[in-house]
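Only the coordinates and a few stated rules stand behind these numbers; no lab work does. Note that the structure is predicted; figures quoted are calculated from it, not measured. Glycine gets a Cβ as well: all are built from the backbone with ideal geometry, and neighbour counts include every protein chain shown.
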Amino acid sequence: MSAPEEIFDVCDEHDRVIGQAPRSVVHANAWLHRAVHIFVFNRQGQFLLHRRSAKKDQSPLTYTSSASGHLAAGESYDEAAPRELEEELGLTGSLERLATFPATFETAFEHTVLYRLVTDDPPTPNPDEIETLEIVSLDEVKRRLTQNSEEFSSPFRVLLLWYFEHQANATGRSQSC
């Protein structure tokens with residue numbers, strides 16, 4: 001027996017909840033909904049790069065944020081981020097909220113909040129979510145993105161470009177777990 005389908009809050013362009021619907025219906029209709037992304041760094045400033053599982057219904061086998069996921073109906077961004085971090089990577093820690101992004105075609109119609117975690121704890125990847133994990137420099141991530149941006153999920157490209165412009169110089173310097 002399969003698990004019941006996730007129910008998402010459907011939102012308007014201002015991220016106000018206007019209804020609820022099953023995941024498949026939200027995605028099929030490109031309705032605006034909510035997601036969180038977490039960029040995980042070690043204390044040396046290296047990035048935990050995640051390649052999505054082949055089982056994923058959207059953007060399989062593309063690179064994405066260290067951890068990410070949808071908010072369940074009624075869940076807040078600040079509740080979803082640690083849940084997704086633990087579900088996908090088996091990690092916990094003090095998350096720093098970095099930025100909020102509006103739902104657009106490029107963000108897969110997801111209102112998105114980006115968080116950062118700095119930790120040297122080893123991840124335990126969930127094989128249903130993650131094909132591979134790599135610990136790489138931000139320069140390596142930027143090189144790969146420049147060489148073949150199609151290997152990166154569209155929402156991840158949006159977040160990376162923002163991060164490179166606004167946050168890369170401060171990565172991990174003042175963070176503690």
Worksheet item: In whole Hz, what ³J(HN,Hα) sequence does region 63-75 give by Karplus (6.51, -1.76, 1.60; θ = phi - 60°), x for Gly and Pro?
Response: 6, 8, 4, 3, 8, 6, x, 7, 7, 6, 3, x, 8
Item to complete: Please identify the longest segment of the chain free of exposed GluC sites (Glu not before Pro), where exposed means a DSSP state other than H, G, I, E or B and no more than 16 other Cβ atoms within 10 Å.
Response: 107-177
Practice prompt. Of the options VAL17, HIS37, ASN148, report the single residue whose Cα projects farthest towards the positive end of the charge dipole of region 7-170 (beta-carbon charges: Lys, Arg +1; Asp, Glu -1).
Written response: ASN148
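Of the beta bridges DSSP finds with both residues in region 1-160, what % are antiparallel, to the nearest 5? Please report the intermediate quantities before stating the final value.
Details: 23 of 33 bridges.
The antiparallel fraction comes to roughly 70 percent.
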Item to complete: Could you pull out every residue, at least 5 positions away or on a different chain, whose amide H is within less than 5 Å of the one on VAL118? Hs are placed 1.01 Å off N in the peptide plane, and Pro or chain starts have none.
Response: PHE41
Discussion item. Through the Karplus equation 6.51 cos²θ - 1.76 cosθ + 1.60, θ set to phi - 60°, convert the phi angles of region 40-47 into ³J(HN,Hα) values in whole Hz; use x for Gly and Pro.
Written reply: 9, 10, 8, 5, 8, x, 7, 9
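Counting only C-alpha contacts under 8 Å and six or more residues apart, can you give the relative contact order of the chain as a whole percent? Don't skip to the end; give the middle numbers.
Working: 346 pairs, mean separation 45.7, N = 177.
Relative contact order of the chain: 26 percent.
Mind sorting SER65, SER53 by how few other Cβ atoms lie within 10 Å of their own Cβ, fewest first?
Final ranking by Cβ density, sparse to dense: SER53, SER65.
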Worksheet item: Hey, if you put +1 on the Cβ of every Lys and Arg and -1 on every Asp and Glu Cβ in the chain, which of LEU48, THR124, ALA80 ends up farthest toward the positive end of that dipole?
Response: LEU48
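Take VAL158, VAL36 and order them by how many other Cβ atoms sit within 10 Å, fewest up front.
Values: VAL158 20, VAL36 29.
By the 10 Å Cβ count, ascending, the order reads VAL158, VAL36.
If one computes P(r) from the Cα atoms of the chain, what percent of pairs lie at distances over 21 Å? Provide the component values of the computation, followed by the final result.
On the way: 7176 of 15576 pairs.
Everything past 21 Å amounts to 46 percent.
Charges only on Cβ, +1 for Lys and Arg, -1 for Asp and Glu: so what's the dipole of the chain about the Cα centre, in debye to the nearest 20?
460 debye
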Worksheet entry | Likely footprinting exposure, LYS55, LYS142, fewest C-beta neighbours within 10 Å first | LYS55, LYS142
Worksheet item: Given 0.36 nm per residue, what is the gain on full extension from LEU161 to GLU140 after removing their alpha carbon distance, in nm?
Response: 6.2 nm
Discussion item. Report the Cα-based extents of region 27-121 along its three principal axes, largest first, to the nearest Å.
Written reply: 41, 28, 20
Practice prompt. Could you pull out every residue, at least 5 positions away or on a different chain, whose amide H is within less than 5 Å of the one on THR104? Hs are placed 1.01 Å off N in the peptide plane, and Pro or chain starts have none.
Written response: PHE109, GLU110
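Run lengths n ≥ 4 of DSSP H only: what is the helix-derived mean residue ellipticity at 222 nm for the chain, with -39500 (n - 2.57) per run over all residues, to the nearest 500?
One gets -7500 deg cm²/dmol as the mean residue ellipticity at 222 nm.
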Worksheet entry | Interchain or long-range residues, amide H under 5 Å from THR92's placed H | none
